[in-house]
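Peer 1: Sharing a structure, written as structure tokens. Questions coming.
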Amino acid sequence: MASTLFTQNIVACVWDFDKTLIPDYMQAPLFRRFGVDEASFWAETNALVGTYRKRGYNISAEISYLNHLLTYVLSGQMAGLSNKVLRECGADIKFYPGLPKFFEASRAWVQAKPEYVKHEIQLEHYVVSTGLAEMVRGSALAPYIDAVWACEFVENPLQPGFMQQNEFPMDAAAEIAQIGVMIDNTTKTRAIFEINKGTNKNAAIDVNAKVTPEDRRIPLQNMIYIADGPSDVPCFSVVKQGGGKTYAVYNPAVRAEFEQNDRLRQSGRIDHYGPADYTENSPTSNWLHLQIEKMCDRLVADREAAVASRMTRPPRHLNASPEEEAARKAALQPKQSTFLE
């Protein structure tokens, strides 16, 4: 008998990272460690596309900061930068108020209601970022997230002829040398569909494969996408059009971010917005709590309706109407004869 791939009993919060979970860019601790001026690095990065174009080169703006990091390593200004160092720098990332406690508390909400537990409903958290995966994995948030999609580097690249060698000596000190994974604001939508289809849980499911709605692990309507601004419009659109919820956050100290989110709300890009404050009973915490519970309640209703629709009533004795019962009793009474005296 055919069965579905997944039970679809999961709600997912999908998070951007920089300016959403943290007030700054995650690379700040990395620059401090190597004594690199952060403002100068980003100014150079922003100027790369135009400068290279004048030289006859076309480069992608999204990949430029990763290449520039590698250039800093090659030039010796960030010599010795490895994935291990990136993780260590991740430990210095400072989060907005209420984090990472919010991630742990939100899972507890789902476990607090017996009807959710009965249907084995779960909440999962994912980070999808244009930042550096190893820094996220080294941060205080790492124990509370289910997976990370972000940029990654390769150390000590394999050299020509490596397939003909039984063992390849790795004498060089570990140092990032190539881009392994590049995530930009458009390819972040690919991560959304990998979560949707369950590619991250079952490698046999290719993200480009056609998967019917009932076979997808986490339907888009079971997702909440949380980010900080216009660069996340592609992901906002995918989740919102699929029936999920979208939420934008802003730094309460920056009025321009508030205005930016208000424009996103007016244009229909997001469902709601609020301050990047995840403490208990904050507007953002309350809104997310409400949406998570609404999704869980819908899952309970859908699953119970599905059970009811597939069940047939067991056989039972037929109950006669009062009139039929009276006629039956009358028929059982002995007939009396009449005599003429």
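The values are calculated or read from the model by the stated rules, or taken from the named source; none is laboratory data. Computed from a predicted structure; not experimentally measured. Counting neighbours? That spans all protein chains shown, and the Cβs are built from the backbone with ideal geometry, glycine included.
Peer 1: Only strands (runs of 3 or more DSSP E) wholly contained in region 156-258 count here; list those with 1 or more residues that are of a type in the set (Phe, Trp, Tyr), buried (at least 16 other Cβ atoms within 10 Å of the Cβ) and at pLDDT 95 or above.
Peer 2: On the way: elements: 176-181, 223-227, 245-250.
Answer list for region 156-258: 223-227, 245-250.
Peer 1: Considering Val239, Val249, which residue is over 16 Å from Asp18 (Cβ atoms), in contact with a strand residue (DSSP E or B) (Cβ under 7 Å, 6 or more places away or on another chain) and in contact (Cβ under 8 Å) with a residue 60 or more places away in the chain? So that I can check it myself, show each step before the final result.
Peer 2: Details: Val249 fails: over 16 Å from Asp18 (Cβ atoms).
The match here is Val239.
This table checks each residue for (1) in contact with a Pro (Cβ under 7 Å, 6 or more places away or on another chain); (2) touching a residue at least 24 places away in the same chain (Cβ under 8 Å); (3) within 30 Å of Arg107 (Cβ to Cβ); (4) among the hydroxyl-bearing types (Ser, Thr, Tyr).
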position: Leu21; (1), (2), (3), (4): no, yes, yes, no
position: Ser40; (1), (2), (3), (4): no, no, no, yes
position: Ile59; (1), (2), (3), (4): no, no, no, no
position: Asn83; (1), (2), (3), (4): no, yes, yes, no
position: Glu88; (1), (2), (3), (4): no, yes, yes, no
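Peer 1: Let me ask something else about it. Could you tell me whether Glu115 is acidic (Asp, Glu) and over 24 Å from Ser282 (Cα atoms)?
Peer 2: Working: acidic (Asp, Glu): yes; over 24 Å from Ser282 (Cα atoms): yes.
Here the answer is yes, as Glu115 does meet what is asked.
Peer 1: Quick check: is even one residue across region 116-126 more than 21 Å from Lys188 (Cβ to Cβ), in a helix (DSSP H, G or I) and not β-branched (Val, Ile, Thr)?
Peer 2: yes
To keep it simple, each residue is scored yes or no on (1) under 16 Å from the mean Cα position of the chain (by Cα); (2) within 23 Å of Val136 (Cβ to Cβ).
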{"position": "Phe6", "(1), (2)": "no, no"}
{"position": "Val14", "(1), (2)": "yes, yes"}
{"position": "Thr20", "(1), (2)": "yes, yes"}
{"position": "Gln27", "(1), (2)": "no, yes"}
{"position": "Phe31", "(1), (2)": "no, yes"}
{"position": "Glu44", "(1), (2)": "no, no"}
{"position": "Ala47", "(1), (2)": "no, no"}
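Rundown of residues vs (1) over 23 Å from the mean Cα position of the chain (by Cα); (2) at pLDDT 95 or above; (3) outside any helix (DSSP H, G or I); (4) on the phi > 0 side of the Ramachandran plot, yes/no style:
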position: Tyr273; (1), (2), (3), (4): no, yes, yes, no
position: Thr279; (1), (2), (3), (4): no, yes, yes, no
position: His289; (1), (2), (3), (4): no, yes, no, no
position: Lys294; (1), (2), (3), (4): no, yes, no, no
position: Ala305; (1), (2), (3), (4): yes, no, no, no
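Peer 1: Something else about it: Looking at (1) touching an Asp or Glu at 6+ places or on another chain (Cβ under 6 Å); (2) more than 29 Å from Asp277 (Cα to Cα), can you tell me which one Lys118 breaks?
Peer 2: If we test Lys118 against (1) touching an Asp or Glu at 6+ places or on another chain (Cβ under 6 Å); (2) more than 29 Å from Asp277 (Cα to Cα), just (1) comes out false.
Peer 1: Listed residues Ile176, Ile183, Ile192; which is over 30 Å from Leu74 (Cα atoms) and among the β-branched types (Val, Ile, Thr)?
Peer 2: Exactly one of Ile176, Ile183, Ile192 is over 30 Å from Leu74 (Cα atoms) and among the β-branched types (Val, Ile, Thr), namely Ile192.
Peer 1: If Gly242 meets every condition in (1) touching a helix residue (DSSP H, G or I) at 6+ places or on another chain (Cβ under 6 Å); (2) of a type in the set (Gly, Ala, Ser); (3) more than 30 Å from Thr7 (Cβ to Cβ) apart from one, which number is that one?
Peer 2: The single condition Gly242 does not satisfy is (3).
Peer 1: For region 91-112, which residues satisfy the criterion of being part of a loop (DSSP other than H, G, I, E, B) and of a type in the set (Val, Ile, Thr)? Break it down into steps so the answer makes sense when it comes.
Peer 2: Step one: list which residues in region 91-112 are part of a loop (DSSP other than H, G, I, E, B), which gives 91-100.
The one that is part of a loop (DSSP other than H, G, I, E, B) and of a type in the set (Val, Ile, Thr): Ile93.
Peer 1: Of the residues in region 64-79, how many are in contact (Cβ under 8 Å) with a residue 40 or more places away in the chain, exposed (fewer than 15 other Cβ atoms within 10 Å of the Cβ) and among the hydrophobic types (A, V, I, L, M, F, W, C)?
Peer 2: 1
Peer 1: Is it true that some residue in region 73-95 is within 30 Å of Leu290 (Cα to Cα) and not basic (Lys, Arg)?
Peer 2: Taking region 73-95 and keeping what is within 30 Å of Leu290 (Cα to Cα), we get 93-95.
With not basic (Lys, Arg) added as a condition, the list becomes 93, 95.
There is at least one residue in region 73-95 that is within 30 Å of Leu290 (Cα to Cα) and not basic (Lys, Arg).
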